[in-house]
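What follows is a short report on a single structure.
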Amino acid sequence: MQAKLIEPNRIELQQGMAQEVLDRVRGQKKTYYIETYGCQMNVRDSETIAGLLQRMGYLPAETKDTANVILFNTCCVRDHAEKRLLANIGALKERKDGEEELIIGICGCMMQQADVAKKVMRRFPFVNFVFGTNVLWRLPELMLSALNGERLILTEEEGFAICEGLPARRSNPFSAFVNITFGCDNFCSYCIVPYVRGRERSRELSEVVGEVRALAEQGITEVTLLGQNVNSYGKGMDVDFADLLKAANGVDGIRRIRYMSSHPKDLSPRLMAAIAENDKVCHHMHLPVQSGSTAILERMNRRYTREGYLKLVEDLRRTVPDIELTTDVIVGFPGETDRDFEDTLSLMDQVGYAAAFTFKYSPRKGTRAAEAADQIPEPVKKERLKRLNDLQARKTAENNQKYLGHRGEVLIEGFDRRQQTILFGKLDTFKMVYFPGDERLLGTYQTVTVTECARNSLLGRME
Ligand code: SAH
Ligand code: SF4
Ligand code: F3S
C-alpha cells in the first residue's frame, strides 16, 4: 500500500513542543537510556527515539541507573519477552519513589495492544507514558506531558501514516538500518506482528534512496533494508523491491546492501536476477521457512508448500551460486505431529542453512493459531527444539568447513570482547570471521583468508 504521510502541521506542532522541552532541560545535563527488545524494527525505532530525545536536549546515559529518562521498547512476538519486561519495570519502583523526576516510558509492539498498555499503566502507577509503534513522532508531546506531571497513553493512530524526516542516532557507525516497509499484511496464523505493526505500507523509493545517500555521505558503507517482508516492497505502487535494489546499488559510497526479511511467497525470478545483477547486493538471504511440513505450512497460512520452498532454494542457488541462507523455524505449532516435525528436520538437512533461529511455538492472544484445540505440550516442544538445534549445530559446522582456505573481503565491525587484538567482520555472505588486527582498522574493508573453522565461527588472517 502506498503510504499516507503525517500532515506537516502536525509535525510542526511536535517541533514546537520539542523546543519547549529543550528550553526546560537546557543546561541541566539530563540523560536518557533506552532498553530495546525484539527485532531490527525495534532497534531502528530506538534510534529514532534517541534522535528525538537528543533534539530535546537529552544526552545518552552511561548506565540505566544514572539516566533521567528510561524507555523500554518492547516486543511481544513470543511469551518470555513479556515476563522479563514486567519484572524490569517493577524493579524501578523503588528508584522512582526516591526520585520523582525520573521519567519512565514504555513503547513498542507490546504497548500497541490496547489492553496491555492499560494494564501496564494500572499496574505501574509510576510509569509516565505508554505509546505504540507508529507514534514515535509524538515523543515531544509525551515528554512535555511527563514534565508537566501528566500521564499519557498514545496507542491509537488511525491509518498508520508514515512520518518522514525524523532524526536518528545510529547505533552502529559503519552499518545502518533503513526502513523500507512498515507493518505486515500476511497474517501468518501464529503471528502477532500484523496486529501490532498495522497494515503493510512502503516508503517512497525516493525517500529510501535519499536516506541511503545521506548515510553514505556520513561515511556509512553498509545498509540493511528493513521490512517484515521486503520482497513485497512497493505493493500498490509502480516500483518493486528489485527496482529499489537497483536504485540503492547506484548510490556512491555504499559498498554493501543487505535486506531482511524475505517471504518465500514473494521471492520472484525478477528479484533473484536483481540480487545477481547488482554487485553491491550481498549474497545472503534470510528466508524463514517456519516448517518443513506442507500441512503445517498450510495451517500457518504461509502460502507455499515444502516442495515450493525447496524449488525456490534451488532456483536461487542456480541464479546466485554462492548465496548463503539463514532461516527461522517454529517447532510445536498446533497439530504438529512427529511426522511433520521429521519433515522439518529433513528440510533443514536438505537445505543446509548457514544459521537458523529456532523457536518453540508461543500462543499469542488474538491470533488464529492460539485458538486451536490441538496445542502441543511443552515437553514435546522442548524435545523437538533440542533435536532441531542439535541438527542445525551439525549443519552450521559442516557449512563452515567450506570456508577453509576461503579468501574474501570483510567489513571490520568490532573487536573480541575478551581480546582487543582480535577483530571481527562479516563476509558478504554474512559469515563472521575473527582475525588478529589493530582497532584502527574498525570500519574498513580488508581481505582475509579463513584458516580455521571453530564450531560457530571462522578464524582467519588478514593479508
Ligand atoms: N516478518 C518476519 C518475521 C517476524 S517475527 C518474517 O516473516 O520473516 C520473527 C520470527 O519469530 C518469525 O519468523 C517466527 O519464526 C517467529 N515467531 C513469530 N511468531 C511466533 C510465535 N507465536 N511463536 C514462536 N515463534 C514465533
Ligand atoms: Fe509475522 Fe508472517 Fe508477517 Fe512475518 S510475514 S511478520 S511471520 S505475519
Ligand atoms: Fe517483536 Fe515487534 Fe519485532 S513484536 S519481533 S519487535 S515487529
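The values are calculated or read from the model by the stated rules, or taken from the named source; none is laboratory data. In this text the structure is predicted, and so the values were computed from the model without any measurement. So basically every Cβ, Gly included, is an ideal-geometry build from the backbone, and we count neighbours across all protein chains shown. Just the protein is used for accessible areas: all its heavy atoms, side chains included, with ligands, DNA and RNA removed. Shrake-Rupley method; radii C 1.70, N 1.55, O 1.52, S 1.80 Å.
Listed by position, the strands (runs of 3 or more DSSP E) enclosed by region 94-159 that each have at least 2 residues that are open to solvent by less than 10 Å² (accessible area, probe 1.4 Å) and among the small types (Gly, Ala, Ser) are 103-108.
When LEU245, LEU226 are checked against the criterion of being under 22 Å from THR429 (Cβ atoms), of a type in the set (A, V, I, L, M) and within 16 Å of ligand 2 (Cβ to nearest atom), a single residue qualifies: LEU226.
To keep it simple, each residue is scored yes or no on (1) more than 20 Å from the chain's Cα centre (by Cα); (2) open to solvent by less than 10 Å² (accessible area, probe 1.4 Å); (3) under 30 Å from GLN375 (Cα atoms).
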site: ARG199; (1), (2), (3): no, no, yes
site: ARG203; (1), (2), (3): no, no, no
site: ALA214; (1), (2), (3): yes, no, no
site: LYS235; (1), (2), (3): yes, no, no
site: ASN249; (1), (2), (3): yes, no, no
site: ASP266; (1), (2), (3): no, no, yes
site: HIS284; (1), (2), (3): no, no, no
site: SER293; (1), (2), (3): yes, yes, yes
site: LEU297; (1), (2), (3): yes, yes, yes
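In this structure, PHE341 does not satisfy being in a loop (DSSP other than H, G, I, E, B), under 24 Å from ASP390 (Cβ atoms) and either of a type in the set (Phe, Trp, Tyr) or touching a Gly at 6+ places or on another chain (Cβ under 9 Å) (or both).
Only one entry in ARG387, ARG318, ARG302 is of a type in the set (D, E, K, R) and either open to solvent by less than 10 Å² (accessible area, probe 1.4 Å) or within 12 Å of ligand 1 (Cβ to nearest atom) (or both), namely ARG302. Evaluate the following for PRO194: is it within 16 Å of ligand 1 (Cβ to nearest atom), not assigned by TED's automatic domain parsing to the domain that holds LEU442 and not in a loop (DSSP other than H, G, I, E, B)? Yes; evaluated as a whole, the condition is true for this residue. In the condition set (1) out of contact with any strand residue (DSSP E or B) (no Cβ under 8 Å at 6 or more places or on another chain); (2) part of a helix (DSSP H, G or I); (3) crowded, with 20+ Cβ neighbours inside 10 Å, VAL313 is compliant with all but (1). Restricted to region 210-260, and to residues there that are of a type in the set (Asp, Glu) and closer than 26 Å to VAL196 by Cα, the residue that is nearest to ligand 1 (Cβ to nearest atom) is ASP240. Note on region 174-191: residues that are out of contact with any Leu (no Cβ under 8 Å at 6 or more places or on another chain) and open to solvent by 20 Å² or more (accessible area, probe 1.4 Å) amount to 5. From the list LYS395, LYS426, the one residue that fits, being more than 30 Å from THR294 (Cβ to Cβ), open to solvent by less than 60 Å² (accessible area, probe 1.4 Å) and at pLDDT 95 or above, is LYS426.
Name the one entry in GLY219, GLY210 that is open to solvent by 20 Å² or more (accessible area, probe 1.4 Å) and in a helix (DSSP H, G or I). When all the criteria are applied, what remains is GLY210. Taken over region 344-371, the criterion of being open to solvent by 40 Å² or more (accessible area, probe 1.4 Å) and more than 15 Å from ligand 1 (Cβ to nearest atom) is satisfied by SER346, ASP349, GLN350. Just one residue in the set MET348, MET272 is in the same structural domain as VAL230 (by TED's automatic domain parsing), out of contact with any Phe, Trp or Tyr (no Cβ under 9 Å at 6 or more places or on another chain) and not aromatic (Phe, Trp, Tyr); that residue is MET272.
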